[in-house]
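The values are calculated or read from the model by the stated rules, or taken from the named source; none is laboratory data. What you see is a predicted model; the values in this text were computed from it and never measured. Don't worry about glycine lacking a Cβ; one is built from the backbone with ideal geometry, like all the others, and counts go over all protein chains shown.
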Amino acid sequence: MTIIITAFERSPDGGKGLARDTRVHWTLEEVGQPYEVRLVSFRAMKEPAHLALHLFGQIPTYEEGDLALFETGAIVFHIAERHAGLLPDDANARARAITWMFAALNTVEPPILELATARLLNGDKSWNKERMPLVEDRVRNRLKQLSARLGDADWLDGVFSAGDLMMASMLLGLKSSGILDEYPNLAAYVTRGEARPAYKRAFDAQLAVYAGKQATG
Ligand SMILES: N[C@@H](CCC(=O)N[C@@H](CS)C(=O)NCC(=O)O)C(=O)O
């Protein structure tokens, strides 16, 4: 059964792999599942056909036969549960890997998103200057805690898991801010994630989509 995921027709990040479809590409590449990508424009994302798949009118979505999913946490978990390689067999280790997925989505992503919003959307507002140090400190606080927990380890709980895939995906969004480099073990963690062949394939796949759209206009 062909797996179809959706992605931006024109990604605002210019092909840097920061849109959330990249973590789904990455997951599918890790487990070796073929998939197709359907591109959607910002307008099409808010139209009935797409809203039937994603009630919030966003990407990515995931279709597999008569199953349609949205929310990257649910999509990555679904794939990781059905294919070997991203969730340990041991029940407790599996539960911990799932915990890291939730931690990435619920505890680490929100301050990172707040920082991105403050920089990209509110950068020109007079009140943003005063607020910025608070927003950056919220990110630093999470990174400090995560950095202390990771220590010298390669991955958060022994072997690479869906929890690392999700956590590294969040931290990737911080690369351009310079804040990640204040925590060398986290910067190295992200570099290790990016060095995985599956990540490279996922990144290249989304870049090819972006470059193709640029070339064809
Ligand atoms: N919590 C959702 C967030 C999805 C999301 O914010 N998608 C962005 C792209 S990365 C989007 O579609 N933005 C356009 C919009 O919200 O109109 C998930 O993890 O899938």
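What the table shows:
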| quantity | calculated |
| --- | --- |
| In region 8-34, the residues that are within 16 Å of the ligand (Cβ to nearest atom), within 16 Å of Tyr199 (Cβ to Cβ) and not in a loop (DSSP other than H, G, I, E, B) | Asp21, Thr22, Arg23, Val24, His25, Trp26, Thr27, Leu28 |
| Every residue from region 54-85 that is among the hydrophobic types (A, V, I, L, M, F, W, C), within 28 Å of Asp157 (Cα to Cα) and over 15 Å from the mean Cα position of the chain (by Cα) | Leu69, Ala84 |
| Enumeration of residues in region 45-65 that are assigned to a helix (DSSP H, G or I) and surrounded by 15 or more Cβ atoms within 10 Å (Cβ to Cβ) | Met45, His50 |
| Residues within region 109-159 that are touching a residue at least 40 places away in the same chain (Cβ under 8 Å) and under 19 Å from Arg192 (Cα atoms), tallied | 6 |
| Sole residue being free of Cβ contacts under 8 Å to residues at least 12 places away in the same chain and at positive phi, chosen from Glu47, Glu81, Glu71 | Glu71 |
| Test set (1) in contact with a helix residue (DSSP H, G or I) (Cβ under 8 Å, 6 or more places away or on another chain); (2) of a type in the set (A, V, I, L, M, F, W, C); (3) over 22 Å from Tyr210 (Cα atoms) - Leu134 fails condition number | (1) |
| 3 or more residues away from the ligand (no atom under 16 Å from the Cβ) and modelled with pLDDT of 95 or more: qualifying helices (runs of 4 or more DSSP H) within region 66-147 | 91-102 |
| Of the criteria (1) under 24 Å from His25 (Cβ atoms); (2) surrounded by fewer than 18 Cβ atoms within 10 Å (Cβ to Cβ), which one Leu180 fails | (2) |
